[in-house]
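Here is the structure we will look at.
The values are calculated or read from the model by the stated rules, or taken from the named source; none is laboratory data. Please read all numbers here as calculations on a predicted model, not as lab measurements. Counting neighbours? That spans all protein chains shown, and the Cβs are built from the backbone with ideal geometry, glycine included. Ligands, DNA and RNA are stripped out before the accessible areas are found, and what is left, the full protein with its side chains, is counted by its heavy atoms. Shrake-Rupley method; radii C 1.70, N 1.55, O 1.52, S 1.80 Å.
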Amino acid sequence: MPSPPTAASIFSRPSTLDLAPVSLRCPKCDAEQPPGEVCIACGIVFAKYEQASRQAPQARRPVTTLSRGDGFPYRLVTQLLQLVFLASLGLALWSHWKKDQFPPPTFYDAARLEAPRQTPTESSSFQIEAQGIRYTIDPLFEYQLDGVVVSLHDSDVFWDIYHAKDWKDFINLRDLCVVWGDNVASGVFREMQYRNSTWTCWISTQDAETAQRFAWDQLSNNHLLTQDATLAAKIKSAEIGDQIRLDGKLARYSRAGGFQRGTSVTRTDTGNGACETIYVDAFRIVRKAHPGWRLVYRLSCALCLAALLGLVVMLFVAPVRAPRT
């Protein structure tokens, strides 16, 4: 039979009783304090603080997984698209202004920029058809014109209701306002302002001396007629500042229903009826102004539109970014 334990061995054994600690540390401010439910230093409720700490990672995890799930750099691509859009927009605005600036007089072939040549014609009246309408052309003179385009108007723009809706005029495709002679050689044409409306070229300046230097008989607004698609494309390719050459006939024209338009036969008249109406036989651009800036403008507009479409796509496909904590 074993001997009973001594008192010393009993007291040396580790206690098996679960005794509450006599103090604790706050999980937020680390202050040591007696056991309780509220921190005596910072005032937090221990149970609520621990519950919020356990729930915070779980609440953030779904958003973080959504924004990084497929590994695609949505944020980087969006920032690049924004940069490309802003840069191309600025370049488009700058190149749009530059492309329509008039080149200096030395750019042009001055020897060609003489007064228009107008001679009697042997051509008789003839008819042409466009969009199912038959027009009668009455030639008055053979006509050759060399000039610099200072303003233009396309008759097929949506806001020009007169040509298509009211007049059913489908052969006057474009109006070109041009200058020649001393106006170009002296460079005074660069100091004037020009604007074309449906049938008129408006010229103005704020300087009286410039108006006196400008030769008003060395300018004309020309209504260009054709039903030929190839010739129409050449006419439509002319832009402000280009030197052009055209051959044709000063002519009256009309259609059934009472519509008719005449033409000026002199360069010295002004006001209503002073524009030249020309049935075009040949057209070409002698000197193209600012081809580099025109190319930059087209490319920057295309790039700006592509970047804008990309941003719209990213708006719908990019996931929501996780909030910062």
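In table form, for the structure just shown:
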quantity	calculated
Failed criterion for TYR297 (all others in (1) open to solvent by 60 Å² or more (accessible area, probe 1.4 Å); (2) part of a loop (DSSP other than H, G, I, E, B); (3) over 18 Å from TYR162 (Cα atoms) hold)	(2)
ALA52 being modelled with pLDDT under 95, over 30 Å from ALA251 (Cα atoms) and either in a strand (DSSP E or B) or open to solvent by less than 60 Å² (accessible area, probe 1.4 Å) (or both)	yes
One residue from PHE72, PHE85 being hydrophobic (A, V, I, L, M, F, W, C) and either touching a residue at least 12 places away in the same chain (Cβ under 8 Å) or in a helix (DSSP H, G or I) (or both)	PHE85
In region 236-251, residue surrounded by the fewest Cβ atoms within 10 Å (Cβ to Cβ) [restricted to those that are in contact with a Phe, Trp or Tyr (Cβ under 8 Å, 6 or more places away or on another chain) and of a type in the set (Lys, Arg)]	ARG245
Scan of region 312-325 for residues that are surrounded by 12 or more Cβ atoms within 10 Å (Cβ to Cβ) and either at pLDDT 95 or above or of a type outside the set (A, V, I, L, M, F, W, C) (or both), ordered by number	PRO319, ARG321
From the options THR106, THR119, residue that is without any contact (Cβ under 8 Å) to a residue 40 or more places away in the chain, among the β-branched types (Val, Ile, Thr) and touching an Asp or Glu at 6+ places or on another chain (Cβ under 6 Å)	THR119
Complete set of residues in region 88-97 that are without any contact (Cβ under 8 Å) to a residue 24 or more places away in the chain and open to solvent by less than 70 Å² (accessible area, probe 1.4 Å)	GLY90
All positions within region 190-209 that are loosely packed, with under 13 Cβ neighbours inside 10 Å and either of a type in the set (Phe, Trp, Tyr) or touching an Asp or Glu at 6+ places or on another chain (Cβ under 6 Å) (or both)	TRP202
Boolean, ARG190 is more than 23 Å from ALA256 (Cα to Cα), in contact (Cβ under 8 Å) with a residue 24 or more places away in the chain and either assigned to a loop (DSSP other than H, G, I, E, B) or not acidic (Asp, Glu) (or both)	yes
Any hit, region 149-171, residues being over 22 Å from ARG261 (Cβ atoms), among the β-branched types (Val, Ile, Thr), in contact with a Cys (Cβ under 8 Å, 6 or more places away or on another chain) and not in a helix (DSSP H, G or I)	yes
Filter result for THR198 (touching a strand residue (DSSP E or B) at 6+ places or on another chain (Cβ under 8 Å), in a strand (DSSP E or B) and among the hydroxyl-bearing types (Ser, Thr, Tyr))	no
So LEU173, is it open to solvent by 10 Å² or more (accessible area, probe 1.4 Å), of a type outside the set (D, E, K, R) and modelled with pLDDT under 95	yes
Close pairs (9 angstrom Cβ cut-off, 6 or more residues apart or separate chains): more than 25 Å from LEU231 (Cα to Cα) in region 269-285, hydroxyl-bearing (Ser, Thr, Tyr) anywhere	ASN272/THR200; GLY273/THR263; GLY273/SER264
Residue that is nearest to GLN193 (Cα to Cα), among those in region 151-166 that are of a type outside the set (Phe, Trp, Tyr) and open to solvent by 40 Å² or more (accessible area, probe 1.4 Å)	LEU152
Region 98-141, residues that are among the hydroxyl-bearing types (Ser, Thr, Tyr), within 35 Å of the chain's Cα centre (by Cα) and surrounded by 12 or more Cβ atoms within 10 Å (Cβ to Cβ)	TYR108
Residue match in region 224-235 (condition: touching a Phe, Trp or Tyr at 6+ places or on another chain (Cβ under 9 Å), open to solvent by 50 Å² or more (accessible area, probe 1.4 Å) and assigned to a strand (DSSP E or B))	no
Some residue of region 176-183 being within 25 Å of ARG245 (Cβ to Cβ), charged (D, E, K, R) and in a loop (DSSP other than H, G, I, E, B)	no
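Conditions (1) over 21 Å from LEU86 (Cα atoms); (2) under 21 Å from the mean Cα position of the chain (by Cα), marked per residue:
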residue: LEU250; (1), (2): yes, no
residue: TYR279; (1), (2): yes, no
residue: ALA289; (1), (2): yes, yes
residue: CYS304; (1), (2): no, yes
